[in-house]
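Trainee: Pasting a structure here, questions to come.
The values are calculated or read from the model by the stated rules, or taken from the named source; none is laboratory data. For clarity, every value in this text was computed on a predicted model and none was experimentally measured. Here Cβ is always computed from backbone atoms with ideal geometry, including for glycine, and neighbour counts include all displayed protein chains. These accessible areas exclude ligands, DNA and RNA; they are computed on the full protein's heavy atoms, side chains included. Shrake-Rupley method; radii C 1.70, N 1.55, O 1.52, S 1.80 Å.
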Amino acid sequence: MENYRSKEIENKWQVKWKETGLFNVCSKEVKDKYYCLMMFPYPSAALHVGHGRNYILGDVVARYKMMRGFNVLSPMGWDAFGLPAENAAIKNGIHPAESTRNNISKMKEQMDSWGVEYDWKREVTSCMPDYYKWTQWIFLKLFEKGLAYKKKAFVNWCPSCSTVLANEQVVDGGCERCDSEVEQKELEQWFFRITDYAEKLLSDMDQLDEWPEKVKTMQQNWIGRSSGVDINFPIDGSEKNLTCFTTRVDTIFGCTYMVLSVEHPMIEELVQNVPERDKIMEFVRKVRGESKITRMKTGEEKKGIFTGRYVVNSINGRKIPLWIGDYVLMEYGTGAVMAVPAHDQRDFEFAKKYSLPIEVVIDDPAGHLDAEKMTESYEKEGVLVNSDKFDGTKNLSAMESITDYMEKNKIGTRAIHYRLRDWLISRQRYWGAPIPIICCKKCGNVPVPEKDLPVILPEVVNFRPEGESPLKNVDSFVNVKCPSCGDDATREIDTMDTFVDSSWYFLRYISPDKDDGPFDKDDVNKWLPVDQYIGGVEHAILHLLYSRFITKVMYDMGQIGFNEPFKRLFTQGMIVKDGAKMSKSKGNVVSPDALIDKFGADTVRLYTLFIGPPEKDAEWSDRGVEGAYRFIKRIWNLIGMLGSAPEVVTDKKTQDELLIKLHQTIKKVTEDIDGQFHFNTAISAVMELVNQIYSGIEKNGKCLIEKKCLEEVLDTISLLLAPFVPHLAEEMNEMSGHKGSIFRRQWPVYDEKMLETDTVTVPIQINGKVRSTMEMPRGLEKGSIQELVCSDPRIKERLDGKKVKKWIILPDKLVNIVL
RNA sequence: GCGGAUGUGGCGGAAUUGGCAGACGCGCUGGCCUUAGGAGCCAGUGGUUUUACCGUGGGGGUUCGAAUCCCUUCAUCCGCACCA
């Protein structure tokens, strides 16, 4: 028997899998289909073992499902547009297309070296015209439905990336990519009307019962639905109204002033004849110019200014002052809030600072509230006071009656507002899919006709960003005729957010070569939704929300027959080193290449899976890898023992026990994989089995187990480990005389009858503490058990002269004697 | 502030329908084999004042019995954050 040579074995099988097309599936064969999908990566130069975890997990699932008889689709592609390639290009002069191509081939090599296989015939690359043609097509479809629109708005601007960002891409007021402080800029930009789908995105989450709660909660919070009332406040000395949204209509009688956001569109009109006008506009301009970080600093004192105008609180006819404040958000609600200082802490602080009136309208049941003496707002429940005919009602029940009253008297209407805002998809950068719009002076924004797609991204030489898209300077790109009137026109020069590219790629895998449509409808309807989606939790909001949105739009347009793209979602944890995320700058990156070279891909895979529950973060340990290597060699040496025919002295008991263990292991491994991907415990179960084999082989080479039995056990082990260590399993499979791939064999099934021994070892407790264990026949009745236990000398001794209060007997499980 | 998660040996982690805490692996100790071992095999390995007691972040409770259930508290991590 030769030593274990990982390289030879692994190269051999990696080639074979490709030659035989193990992972290739035909879209038309949908019987027992299983769509296993990993989030497609951005092509970066070198992968580390943390990235590997994602691909290995998916590969395990795909291979396991194959052995369960499923027709498994496991594709891979590249989220290939985006900033890093472009930034690198600016730095080193290599065109993004070229560096992307290079990175893709490097990554493919790495995936191959891990033994991670895909149906490469379906590879999609989002920066290729045959792909982005259909990204542009999706844009056009949204435009047709009025779901893509251009508007001037205050948007998040990253000065370092020199582009706008979606709200989802702003983290703690900074750019998610480069951390620079995000500025507010008023620009005309393209948006997707995702807010139209807020309700569906929220309510359809009840279909997602196989998604992690955490991800669903994050999406719920992001969508942020709240229901309340839009209240109209007539402006004093004007015909117009201002509308406020509130979730606390019960406090309306305590509203003593109103505050507008500095971005509120009516400000200029309101203050035009006010003497303090210049001062007010100065304040507005100043706050508008502040960055999100400055404005969002909680704990920072709120700033405001009186407009000199008043509005009327229609419920009691009272005139209240109208203010402008830096803490009111234009994007949420109506950009105007009614202030109830007695019952809202923010309003309370603002009122104190600017000496605005405070009026109590909910009294504390624990003691009368006095507005003069309050040091903070009262936000708990209570009974309404100073609220006219609603006095004496509990505040919560008053909400309904006040709302009814308002609707009846046309003061306000029930309303639902969302935190979610429309998805800003334009980017002022080069390396993305051009937005397929032509701007005509006469016709406005004209969509590029479908037959003219794709709008090819030109090979620009200078893509250094200068505040506008680099495409601006490419005359041949910009100058076109209007498709509508034929006059001279210009192309939209912005490109699309890369999250648009990734919001539909899972559809393209089904028909990657189709050139007369984005996908084959019938096939897509048969293969989707995705049965298992695997990726990092960092996409909990962005990518997963956008993909759900695009899926719903396609569904409503009749393009597809399902309204949720991913049936089951698994978010894997990060692998950290020295307690920190692996990164070049920290110098704690663990490269798989050297490890695979030394120990082999199977070892790296096994260790990666053994490191801990895959949904949790884990600390990488090079020592641990050696342990995995040792285990593989232990198995390899067992195969050697079969060949070298050790002297066999069959011991029936040892052999029976081994077979029982074998079937218990099949059960455990199957359940661990099927359920929550507990690969770590599945592997430890096989380790236990292997240990038991070793203990059945005597040191001097004599074996207590028959060769035939050993062969059977080893064959089953190769099947059980096949998803984890596919190369070794294939080799074992071939050595034992099987023809063809092990992945075309059936997953082992356990025999229910083989799971149980005839006798059981039962712990005997006295007052809940284990004092002895006894072996007894399985299924013994309580009476006999008690008798048997009393005969145990160790127990007898302890019970001597004492009175037993109670016997707790769980047959086959446990005995507890209470004294 | 709100929401969510986690807390178990020297380390990664098992055990979650309440029922032998520490499976499995790493590390460590000892032994065998060896010219040698950073190879392999075997044995041991939670702590202590070891007939026994104590032990799952801390404190209380329910129970014959709690890592697991309840209350309370602390710590760490993640998400959202002036959302009206």
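Trainee: Where in segment A:7-89 are there trypsin sites (Lys or Arg not before Pro) that are in a DSSP coil and have at most 15 other Cβ atoms within 10 angstrom of their Cβ? Before the final figure, lay out each step's value.
Mentor: Numbers: sites: A:7, A:12, A:16, A:18, A:28, A:31, A:33, A:53, A:63, A:65, A:68; in loops: A:28, A:31, A:68.
Hits after loop and neighbour filter: A:28, A:31, A:68.
Trainee: Could you state how much accessible area residue A:502 has, in square angstrom rounded to the nearest 10, with a 1.4 Å probe and all protein chains kept in place?
Mentor: Surface open to solvent at residue A:502 totals about 0 Å².
Trainee: For the pairs A:145/A:514; A:151/A:584; A:616/A:652, flag any whose C-alpha to C-alpha distance is greater than 31 Å.
Mentor: In this structure, A:151/A:584; A:616/A:652 lie more than 31 Å apart at Cα.
Trainee: For chain A, what is the relative contact order in percent, using Cα pairs closer than 8 Å and at least 6 residues apart in sequence?
Mentor: 14 percent
Trainee: Tell me the net charge near residue A:417. Cut-off is 12 Å between Cβ atoms, residue A:417 excluded, with +1 for each Lys or Arg and -1 for each Asp or Glu.
Mentor: Net local charge, residue A:417 excluded: +1.
Trainee: By accessible area of protein heavy atoms, probe 1.4 Å, what ranking do A:60, A:537 get, highest first?
Mentor: Sorted descending by solvent-accessible area, the residues read A:537, A:60.
Trainee: Could you work out the local net charge near residue A:625, counting Lys and Arg as +1, Asp and Glu as -1, over the other residues with Cβ closer than 14 Å to its Cβ?
Mentor: Neighbourhood net charge equals +1.
Trainee: Relative contact order of segment A:271-357: what whole-number percent is it, with Cα pairs under 8 angstrom and at least 6 residues apart?
Mentor: 20 percent
Trainee: What distance in nm separates the simple spin-label points at residue A:767 and residue A:671, each placed 7 Å from Cα in the Cβ direction?
Mentor: In this crude spin-label approximation the distance works out to 3.5 nm.
Trainee: Taking the Cα-to-Cβ direction at residue A:688 and at residue A:538 and moving 7 Å from each Cα, how far apart do the two end points lie in nm?
Mentor: With each label point 7 Å from Cα toward Cβ, the separation is 3.7 nm.
Trainee: Computed FRET efficiency, Cβ-Cβ of residue A:616 and residue A:585, R0 22 Å: what is it to the nearest 0.05?
Mentor: Here the calculated transfer efficiency is 0.35.
Trainee: Here's something else I'd like to know. Give, in nm to one decimal, the length gained when the segment between residue A:656 and residue A:331 is fully stretched (0.36 nm per residue of separation minus the Cα-Cα distance). Before the final figure, lay out each step's value.
Mentor: On the way: separation 325, 0.36 × 325 = 117.00 nm, distance 7.09 nm.
So the extension gain works out to 109.9 nm.
Trainee: Also, quick follow-up: Give me, ordered by chain and number, the residues 5 or more places off residue A:736 or on other chains with an amide H under 5 Å from its own placed amide H.
Mentor: HN-HN under 5 Å from residue A:736: empty list.
Trainee: Please work out how much accessible surface residue A:186 shows to a 1.4 Å probe, ignoring ligands, DNA and RNA, in Å² rounded to 10.
Mentor: Counting only protein heavy atoms, the figure is 100 Å².
Trainee: With +1 on each Lys and Arg Cβ and -1 on each Asp and Glu Cβ, and nothing else charged, work out how big the dipole of segment A:138-255 is about its Cα centre, in Debye to the nearest 20.
Mentor: Its charge dipole is roughly 380 debye.
Trainee: Helix-derived [θ] at 222 nm for chain A: sum -39500 (n - 2.57) over DSSP H runs of at least 4, divide by residue count, nearest 500?
Mentor: -11000 deg cm²/dmol
Trainee: In whole Hz and in residue order, list the ³J(HN,Hα) couplings for segment A:457-467 that follow from phi through the Karplus curve 6.51 cos²θ - 1.76 cosθ + 1.60, θ = phi - 60°; x for Gly and Pro.
Mentor: Residue by residue, segment A:457-467 yields 6, x, 7, 5, 8, 9, 10, 5, x, 10, x Hz.
Trainee: Given the options A:390, A:311, A:342, identify the residue whose Cα lies farthest towards the positive end of the charge dipole of segment A:286-397 (+1 on Cβ of Lys, Arg; -1 on Cβ of Asp, Glu).
Mentor: So the residue furthest toward the plus end is A:311.
Trainee: Quick one: give the max-minus-min coordinate of the C-alpha atoms of segment A:134-197 along each principal axis, largest first, in Å.
Mentor: Largest to smallest, the principal-axis extents are 36, 23, 21 Å.
Trainee: Taking the Cα centre of chain A as the origin and placing charges on Cβ (Lys, Arg +1; Asp, Glu -1), which of A:368, A:235, A:649 is farthest toward the positive end of the dipole?
Mentor: Of A:368, A:235, A:649, it is A:649.
Trainee: Report the gain in length on full extension from residue A:386 to residue A:101: 0.36 nm times residue separation, minus Cα-Cα distance, nm rounded to one decimal.
Mentor: 95.5 nm
Trainee: Another question about this same structure. For segment A:673-819, what does the alpha-carbon gyration tensor say about shape, rounded, prolate or oblate, given a ≥ b ≥ c as the root eigenvalues, a/c under 1.5 as rounded, and a/b over b/c as prolate?
Mentor: Cα axes put segment A:673-819 in the prolate bin.
Trainee: What's the center-to-center distance, using Cα atoms, between segment A:124-188 and segment A:19-60 in Å?
Mentor: 28 Å
Trainee: With +1 assigned to the C-beta of every Lys and Arg and -1 to the C-beta of every Asp and Glu, and no other charges, what is the dipole magnitude of chain A about the Cα centre in debye, to the nearest 20? Walk me through the intermediate numbers first.
Mentor: On the way: 111 positive and 122 negative charges, 200 e Å.
Dipole size: approximately 960 debye.
Trainee: In segment A:212-348, how does Rg compare with the Kirkwood Rh, expressed as the Rg/Rh ratio over alpha carbon atoms?
Mentor: Here the Rg-to-Rh quotient is 1.00.
Trainee: Hey, another quick one. Indicate, rounded to the nearest 5 percent, the antiparallel portion of the DSSP beta bridges found entirely in chain A. It would help to have the intermediate numbers written out before the result.
Mentor: Details: 75 of 99 bridges.
If we restrict to bridges inside chain A, about 75 percent are antiparallel.
Trainee: Could you tell me what a quarter of the Cα convex hull surface of segment A:494-639 works out to, in nm² with one decimal place?
Mentor: The directionally averaged projection comes out at 13.4 nm².
Trainee: Say the dipole of chain A comes from +1 at the beta carbon of Lys and Arg and -1 at that of Asp and Glu; which of A:670, A:470, A:512 then lies farthest toward its positive end?
Mentor: Looking along the dipole axis, the top candidate is A:670.
Trainee: In percent, what relative contact order does segment A:778-819 have, based on Cα pairs under 8 Å that are 6 or more apart in sequence?
Mentor: Averaging sequence separation for qualifying contacts and normalising by length gives 41 percent for segment A:778-819.
Trainee: Give or take rounding to whole Å, what are the principal axis extents of the alpha carbon atoms in segment A:444-557, in descending order?
Mentor: 48, 32, 26
Trainee: Quick check: net charge around residue A:775, other residues with Cβ under 12 Å of its Cβ, Lys/Arg +1 and Asp/Glu -1?
Mentor: -2
Trainee: Let me know the Kirkwood hydrodynamic radius for chain A, please, with Cα pairs as the basis and the value in Å to one decimal.
Mentor: 31.9 Å
Trainee: Please work out how much length the chain gains when fully extended from residue A:318 to residue A:787, using 0.36 nm per residue of separation minus the C-alpha to C-alpha distance, in nm with one decimal. If you can, show how the numbers build up before the last one.
Mentor: Values: separation 469, 0.36 × 469 = 168.84 nm, distance 8.72 nm.
Going from the current span to full extension adds 160.1 nm.
Trainee: Just the accessible area for residue A:343, please: 1.4 Å probe, Å², rounded to the nearest 10?
Mentor: My reading of the accessible area for residue A:343 is about 10 Å².
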